[in-house]
Amino acid sequence: MNDFSRMPLVETLFAAAEGRFSFHMPGHRQGQSFPTWLRDKLWTLDTTELEVTGDLNQPAGKVKEAMNLAAAFFGAGHTRFVTTGTTTSLLTALATACPRKSQIILPRRVHQAVMHGVALLDLEPIWADININQDVEEALLRSLHNNPQASAVFVTSPGYDGRTVPLRNIASLVGEMDCSLIVDEAHGSHFVAAPGLLPPSALSQGADLVAMSAHKTLPALTPGSYLHVSKVALESGKIGTDKLGQMLKVFQTSSPSFVIAASLDYARFWLESEGQRSIEKLLTLISQLDQNLPTVVNRTQTEGSDPLRLTYDYRDSGLNRLEVQGIFNQYKVDPEIIDLNQIILIPALDAGIREFKALALALNALGAAADTGSTSRASNGDLSWIASLLDSSAPSSIPISKVMFGNMKKTEVPLRNAHGRVAAEAIVPYPPGVAMVWPGEIITSERIEAIEQLISANIAVYGVHKPDSYSVIVLE
Ligand SMILES: Cc1ncc(COP(=O)(O)O)c(C=O)c1O
């Protein structure tokens, strides 16, 4: 029986925001980061393009003025406000820099939007496989040396866990070729605000096209994104703003949101006026927290990674993922992700003592649960071999564009029997949201085993369906 008096989504969202400590995106803490003058009037900004504003898809007037301020602040030659997310920014960047059917060099860990762009443009991916003891930079440089004909190199930096890829050497090699460096800096919009304290931004290292999800770390609404073109790419004519504008119209709605665009304008203003001070304060709170961590929780911060991305390895606690989730929930602390090894938290740039006290309580409770053995000792085991599969390419058989957009016959088979079959859908464990198999790749028994282990560790795996048993969609 339908109960039309209810609003299930509205009710749930209001309840979910009640009294929680947000350590996840968006970066505005359920609106608390916005000053009241903005928060109270946000909805009056929801308008169509007006004479006084200009058109977001055809920047002029005040729209252009705001975008130019953002370009100057982030160190770009040209910036567009994208109100349908970095997903749109990435598709636009690819379509601007890569002619149809050209080759693109990329590591395997990319957001699905990149592979959708590869499929739409019928690009040929050249995977930069990350071998053991090798880093992403090395793998990309080697691929670039071996494939100077590629139209673009694609890099994600920083990743979800805050790890960055040094870009200067890649940018300098790309600069000698007829090639563009596209960087997915979805998680690094804040880098520019505190030079010396945070890693250098992609633009400052010579990237040509950079996409930032402002909503992930700044006080901006979901899914606000900046799409930047570097001064060098613009002045050399490598990237043209006309083409970029045309491509943006392909991928963005014809009714881009002024509320979201205004929040992008505000986020730039806030970062410029408050960013450095807030980041210094946040770093102090983080270092105080680090000094009082329980011994079974280890902060995992690698050289050059974002010091504001809190990643804690909890394996020494002996607790499993659901137990850790339960403890955080008890303390009303919402992390971004708890995966098999680590807890990843994204503090808002203006997070304060209240939030950090709650987080300290949750982490201490985790330590206590491990010490007393009050929870089961079922840890997730060593699953590092699975992580390495996410970095190395699976055998490919049919181009992704043909599988996604062709008229190929598909069928559903039990996961267990899928060995040797060609995947018709991406199979993506979440977390971390990185594909184990892309459409068109052959499903190997090693990857089946990895998927089964992830499922048994309670990780959701998109692309694995569960009618009676686990099944996947493959080509007939
Ligand atoms: C690395 C990375 N790139 C791109 C995206 C897509 O960004 P958006 O949600 O702004 O479309 C995400 C989203 O999670 C991401 O993590």
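Some points to look at:
- Helices (runs of 4 or more DSSP H) completely within region 151-265 that count 3 or more residues being more than 16 Å from the ligand (Cβ to nearest atom) and either more than 29 Å from residue 100 (Cα to Cα) or small (Gly, Ala, Ser) (or both): 168-175
- Conditions (1) on the phi > 0 side of the Ramachandran plot; (2) out of contact with any helix residue (DSSP H, G or I) (no Cβ under 8 Å at 6 or more places or on another chain); number of the one not met by residue 321: (1)
- Which numbered condition residue 7 misses (of (1) under 20 Å from residue 260 (Cβ atoms); (2) at pLDDT 95 or above; (3) outside the structural domain of residue 244 (by TED's automatic domain parsing)): (1)
- Apart from one condition, residue 86 fits all of (1) over 28 Å from residue 339 (Cα atoms); (2) hydroxyl-bearing (Ser, Thr, Tyr); (3) buried (at least 24 other Cβ atoms within 10 Å of the Cβ); the exception is (1).
- Checked across region 206-228, the condition of being under 21 Å from the mean Cα position of the chain (by Cα), surrounded by fewer than 18 Cβ atoms within 10 Å (Cβ to Cβ) and not acidic (Asp, Glu) holds for at least one residue.
- Selection count where residues are under 24 Å from residue 165 (Cβ atoms), more than 21 Å from the chain's Cα centre (by Cα) and of a type outside the set (A, V, I, L, M), scope region 276-308: 1
- Residues satisfying the stated conditions in region 51-110, i.e. assigned to a helix (DSSP H, G or I), touching a residue at least 60 places away in the same chain (Cβ under 8 Å) and more than 13 Å from the ligand (Cβ to nearest atom): 63, 66, 69, 70, 71, 73, 74, 95, 96, 97
- Near pairs, Cβ below 7 angstrom, 6+ apart or cross-chain, from region 152-177 (more than 14 Å from residue 200 (Cβ to Cβ)) to any residue that is part of a helix (DSSP H, G or I) and open to solvent by 10 Å² or more (accessible area, probe 1.4 Å): 152/97; 173/141
- Residue within region 205-217 that is assigned by TED's automatic domain parsing to the domain that holds residue 160, β-branched (Val, Ile, Thr) and touching a strand residue (DSSP E or B) at 6+ places or on another chain (Cβ under 6 Å) present: yes
The values are calculated or read from the model by the stated rules, or taken from the named source; none is laboratory data. Treat the numbers as computed from the prediction; the structure is a model and nothing was measured. For neighbour counting, all protein chains shown are included, and Cβ atoms are generated from backbone atoms with ideal geometry for every residue, glycine included. Accessible surface areas use protein heavy atoms only, side chains included; no ligands, DNA or RNA. Shrake-Rupley method; radii C 1.70, N 1.55, O 1.52, S 1.80 Å.
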